[in-house]
Amino acid sequence: MKQLLILTILFIIIPFFIFLFFNNKEYEEYIDTKKSDNIFVRVKIENTKQMKKIPLEDYVIGVVAGEMPVYFPEEALKAQAVAARSYVMKRIEYNKYKNYDVVNTVLHQVYLDDDHLKNVWGEKYYNYRTRIKKSVKSTKGECVFYNDKIADTLFFSTSSGFTENSVEVFGFDVPYLKSVESHWDRDVSPVFYDEKIFTKDFFCKTLEIIDCYTINVNTIETASTGRPLILDINGKQIKSRDIRTALNLRSTNLKITLKDNNIIINTKGFGHGVGMSQYGAKAMAEEGYTYDEILKHYYKNIEIKKIN
């Protein structure tokens, strides 16, 4: 009886180890694809203040749907999926002692649930979601890594020709968030240029500028890309990002002019300018670049690996 038991165990175990020996790569890949299934994202729903616990890959589908037009090329959608997954994994790391990892708005990255998508997409829901799900599934578990750590993959809509250095926009220097050329945006993005007109009174009141009989604007500090960082308006020094926030502008790459009794502000680009340009990714994909090539263009010296 004892010998029979031993033979039975050997009969089961030996083939298993033979399988591992000859099929180790396939086995590792199978195990690897399961890892991200065990990760959940704690999402705070901003308008209700509720917290939802969402499987990572489902969350990434909702972010790609919320952050990138569904008609973008597949390689751009895949690049967005990897960037979104990396971004939220970094937030999970940062916020592990909080009761949520991310909010579902632009404060972090826009997440849209299935109910919302069914409402918005209507009869196109199934086809649209299938297209996004395909891009997410084909990159399942993949993140951007720098020096074996998940990267903080910031992204935005449209550059003004170059992306920005993180240190010049946010004040912290990140080695993979450096300025790179993104010449495609001017030609492909419908939001590359914008113009807003304000009354002089509204402009001065909003920015708390006194003595507004006339308006004098001088640039005090510029980024290496030429984007203004600090302006002097009638003797008051104001950061361009504060002007953007106060006046709800698309970009800090702005030019202010006075015409009659109005203030005209022209901007180039849309967003903070750091990391991956989404319209740049679209154009690169249309030119035949793959999603990993897109990511490696916008994030310097990185690797793309599965979550470990």
Evaluate the following for ASN248: is it of a type outside the set (Phe, Trp, Tyr), in the same structural domain as VAL217 (by TED's automatic domain parsing), surrounded by fewer than 20 Cβ atoms within 10 Å (Cβ to Cβ) and modelled with pLDDT under 95? no
Would you confirm whether any residue within the range 169-184 is closer than 17 Å to THR267 by Cα, in contact (Cβ under 8 Å) with a residue 12 or more places away in the chain, assigned by TED's automatic domain parsing to the domain that holds GLU74 and among the polar types (S, T, N, Q)? yes
Residue in the range 272-282 that is more than 19 Å from TYR176 (Cα to Cα) and either in contact with an Asp or Glu (Cβ under 7 Å, 6 or more places away or on another chain) or in the same structural domain as THR214 (by TED's automatic domain parsing) (or both) present: yes
Which of the residues belonging to the range 198-228 are within 23 Å of LYS178 (Cα to Cα) and in contact with a helix residue (DSSP H, G or I) (Cβ under 6 Å, 6 or more places away or on another chain)? ALA223, PRO228
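Against the condition in contact with a Lys or Arg (Cβ under 6 Å, 6 or more places away or on another chain) and more than 18 Å from ILE294 (Cα to Cα), how does VAL102 come out, does it pass?
yes
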Of all residues making up the range 253-280, the number that are farther than 19 Å from ALA81 by Cα, assigned to a strand (DSSP E or B) and of a type in the set (S, T, N, Q): 4
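Residue-by-condition table, conditions (1) within 26 Å of PRO228 (Cβ to Cβ); (2) of a type in the set (D, E, K, R):
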residue: TYR125; (1), (2): no, no
residue: ILE132; (1), (2): no, no
residue: CYS143; (1), (2): no, no
residue: ASP148; (1), (2): no, yes
residue: PHE155; (1), (2): yes, no
residue: TYR176; (1), (2): yes, no
residue: HIS183; (1), (2): yes, no
residue: PHE192; (1), (2): yes, no
Do we have any residue at all in the range 146-153 that's closer than 25 Å to TRP184 by Cβ, touching a strand residue (DSSP E or B) at 6+ places or on another chain (Cβ under 6 Å) and in the same structural domain as LEU77 (by TED's automatic domain parsing)? yes
Quick one: VAL82 ticks every box in (1) in a helix (DSSP H, G or I); (2) more than 17 Å from ASP152 (Cβ to Cβ); (3) of a type outside the set (S, T, N, Q); (4) in contact (Cβ under 8 Å) with a residue 60 or more places away in the chain bar one, so which box is it? (2)
By my count, strands (runs of 3 or more DSSP E) wholly in the range 188-239 with at least 3 residues that are closer than 30 Å to GLU286 by Cβ and either of a type in the set (A, V, I, L, M) or in contact with a strand residue (DSSP E or B) (Cβ under 8 Å, 6 or more places away or on another chain) (or both) are 193-199
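The values are calculated or read from the model by the stated rules, or taken from the named source; none is laboratory data. Please read these numbers as outputs of a predicted model, since none were measured by experiment. In this analysis, Cβ positions are derived from the backbone assuming ideal geometry, glycine residues included, and neighbour counts consider all displayed protein chains.
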